[in-house]
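What follows is a set of notes on a single structure, which appears directly below.
The values are calculated or read from the model by the stated rules, or taken from the named source; none is laboratory data. Being a predicted model, the structure only gives us computed values, none of them experimental. FYI the Cβ positions are ideal-geometry reconstructions off the backbone, even for glycines, and counts take in every protein chain you see.
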Amino acid sequence: MILVADSGSTKTEWRTISDGKAGESYITGGINPYFLRSDEIFLLLSRELGSLQGKSPDKIFFYGTGCNSESKNNTVKDALHRFFDCAQIFVGSDLLGAARSLCQNKPGIACIMGTGSNSCYFDGTAIVRNVPPLGYILGDEGGAAVIGRKLVSAVLKKQVSESTVRLFFDTYKITTAEILECVYMKPFPNRFLGQFSKFISSNIEIPELQNIIISSFEEFINRNILQYEESAFLPVHFTGSIAWYFRKFLEGSLNKFRLKPGIITLTPADDLIRFHMTNLQN
């Protein structure tokens, strides 16, 4: 059995491959070594993936947010070694997982647009260049946390119509003080802010909310995609909830910049499984 995991800031999707066929699927919380220590990851797995504890996969491929250095990768790898009886564990970035999922073995521009955002030029084998995403404070343009931050800021500063302000507070039943506490004092403010992208999705007919989405996508294109000269002739692929649910606006922004829209998926999981079934040695 081969176990393939794709982990974002919010959730981790685990898929099995047995006898060359896609098998079972499991969901746990997000695993990010910037926020969780090895023992905390092990406890999360014990709580949420207990049915697989002690199993012996032949190989594990884990692609995750924050898995971008040897030390952080080892944090995840140590927890996986403790939880599973498996000698062959590969830990790589969620961006590599997205690139393999979206591009398979062909060159392209691969992008993640979920809670955060990221991008790269993938040559069909490896990530060749990556504009650093920098997180939701300094970057992550087009990601849910940044979109949510823009919305909340616009609501609190009354940069949107009074009817939109009322609709926001009627929807969430939250005070300004509670928002500030969640952003500045509680853990995972990116997740907190990211949830408000659903408000835009539910009320996308409001032009000022459309403008938040469109401006966010154009920022992502200007500050990320256009940094890859290959974007002039290669398809630009996306995976993630924001790309999927706002794909009409995303494709419109790509066309505005004369870029070639590629495939857009909600999650990398299905196509990542396809990649590993095709490339069983990797």
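Give segment 12-29 a look and list any residue that's in contact with a Lys or Arg (Cβ under 7 Å, 6 or more places away or on another chain) and under 16 Å from L266 (Cβ atoms), or say none.
Passing the criteria: S25, I27.
In the set F62, F35, which member is of a type in the set (A, V, I, L, M, F, W, C) and part of a strand (DSSP E or B)?
Numbers: F35 fails: part of a strand (DSSP E or B).
Just a single option satisfies the conditions, and that option is F62.
Tell me whether segment 268-277 contains one or more residues that are within 29 Å of V155 (Cα to Cα) and of a type outside the set (S, T, Y). Before you say what the answer is, go through the steps one by one.
First, the residues of segment 268-277 that are within 29 Å of V155 (Cα to Cα): none.
Looking through segment 268-277, none of the residues is within 29 Å of V155 (Cα to Cα) and of a type outside the set (S, T, Y).
Condition check ((1) of a type in the set (S, T, N, Q); (2) in contact with a Gly (Cβ under 8 Å, 6 or more places away or on another chain); (3) modelled with pLDDT of 95 or more) across all residues:
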| position | (1), (2), (3) |
| --- | --- |
| I204 | no, no, yes |
| F217 | no, yes, yes |
| V236 | no, yes, yes |
| R258 | no, no, yes |
| P268 | no, yes, no |
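Please go through segment 171-184 and give me each residue that is within 24 Å of the chain's Cα centre (by Cα) and farther than 24 Å from S202 by Cβ, ordered by number.
Y184, the sole residue that qualifies.
Does I221 satisfy the criteria of being in contact (Cβ under 8 Å) with a residue 24 or more places away in the chain and either more than 18 Å from N118 (Cβ to Cβ) or in a helix (DSSP H, G or I) (or both)? Break it down stepwise before answering.
Numbers: in contact (Cβ under 8 Å) with a residue 24 or more places away in the chain: yes; either more than 18 Å from N118 (Cβ to Cβ) or in a helix (DSSP H, G or I) (or both): yes.
Taking the combined requirement at face value, the residue satisfies it.
Does segment 31-48 contain any residue that is out of contact with any His (no Cβ under 8 Å at 6 or more places or on another chain), under 22 Å from H276 (Cα atoms), among the small types (G, A, S) and touching a residue at least 24 places away in the same chain (Cβ under 8 Å)?
Looking only at segment 31-48, we keep the residues that are out of contact with any His (no Cβ under 8 Å at 6 or more places or on another chain), and these are 31-48.
Subset that is under 22 Å from H276 (Cα atoms): 31.
Still in the running and among the small types (G, A, S): none.
No, because not a single residue in segment 31-48 is out of contact with any His (no Cβ under 8 Å at 6 or more places or on another chain), under 22 Å from H276 (Cα atoms), among the small types (G, A, S) and touching a residue at least 24 places away in the same chain (Cβ under 8 Å).
For Y121, state whether it is of a type in the set (F, W, Y), modelled with pLDDT of 90 or more and touching a Gly at 6+ places or on another chain (Cβ under 6 Å). Can you show your working first?
On the way: of a type in the set (F, W, Y): yes; modelled with pLDDT of 90 or more: yes; touching a Gly at 6+ places or on another chain (Cβ under 6 Å): no.
Judged against the criteria, Y121 is not a match.
So, of the residues in segment 55-67 that are in contact with a helix residue (DSSP H, G or I) (Cβ under 8 Å, 6 or more places away or on another chain) and not aromatic (F, W, Y), which turns out to be nearest to E24 (Cα to Cα)? Break it down stepwise before answering.
Of all residues in segment 55-67, those in contact with a helix residue (DSSP H, G or I) (Cβ under 8 Å, 6 or more places away or on another chain) come to 60-67.
With the extra rule that they be not aromatic (F, W, Y), the set shrinks to 60, 64-67.
Numbers: I60: 14, G64: 19, T65: 22, G66: 25, C67: 24 Å.
Checking each candidate, the answer is I60.
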